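A short worksheet on the structure shown next.
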Amino acid sequence: MTHPKGTGRGLVTGLLVALLILGLPPLILVHDAYAGGKKLPGSSLANAVLQRDVAQQIAMLEMIFGEGCKKSKIIDTEVIEPPATLNVDPWVERWTVDRCGTRVHYRVELTPSKGGGTDFGVSMIDEADDGGRPEPQEGPR
């Protein structure tokens, strides 16, 4: 099972219910590619189920911080810190959302769980940040 770090399904469900009660419609960030279990665009290492779970977390953040945009859509995923060993070690991805014409980036930290599944954490990348990419390494001169 996948779940955001530090949260349980109850918190996530409670937040969605609270937003609906307040009259805020849930955003649909799930790209058309989800039909049939296909993956989102880009180079994400996450399988379709994990991508769906991460997309739901991003959808909740977009409901809160989306500045009134109701048509946010994930348009790209990329690995910015690959795992040393796939399905064993953690990795970091950057997911890009088109928020009504403005690109917004999210840092997604994924950690395979010893009990099965993958834990993940999602945070919005500050515009002043470097986009979540590691600092370039300079070689000898």
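Bear in mind that the values in this text are calculations on the coordinates, not laboratory data. Model, not experiment: these values are computed from the prediction. Using ideal geometry, Cβ is built from the backbone for each residue, glycine included, and neighbour counts are taken over all protein chains shown.
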Legend entry - Per-residue HN-Hα couplings for segment 86-102 [Karplus 6.51, -1.76, 1.60; θ = phi - 60°; Hz; x = Gly/Pro]: 4, 6, 10, 9, x, 8, 10, 10, 10, 10, 10, 10, 8, 9, 6, x, 10
Inset, instruction - Report the net charge of residues surrounding GLN51, where surrounding means a beta-carbon distance below 11 angstrom and charges are Lys +1, Arg +1, Asp -1, Glu -1. - result: +1
Legend entry - In Å, descending, principal axis extents of the Cα set of segment 28-124: 39, 28, 21
Inset, instruction - Apply the Karplus parameterisation 6.51 cos²θ - 1.76 cosθ + 1.60, with θ equal to phi minus 60°, to every residue of segment 46-52 and state each ³J(HN,Hα) to the nearest whole Hz, in sequence, with x for glycine and proline. - result: 6, 6, 4, 5, 5, 4, 4
Legend entry - Estimated distance in nm for a label pair at VAL88 and LYS38, the labels positioned 7 Å out from Cα along Cα-to-Cβ: 3.4 nm
Legend entry - Taking PHE65, PHE120 and counting other C-beta atoms within 10 Å, the order from fewest to most: PHE65, PHE120
Inset, instruction - Mind listing the long-range amide H neighbours of LYS71? Cut-off is under 5 Å, sequence gap 5 or more, other chains count too, H placed in the peptide plane at 1.01 Å from N. - result: CYS100
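Taking the Cα centre of segment 28-124 as origin, work out the dipole magnitude from +1 charges on Lys and Arg Cβ and -1 charges on Asp and Glu Cβ, in debye rounded to 20.
That gives a dipole near 280 debye.
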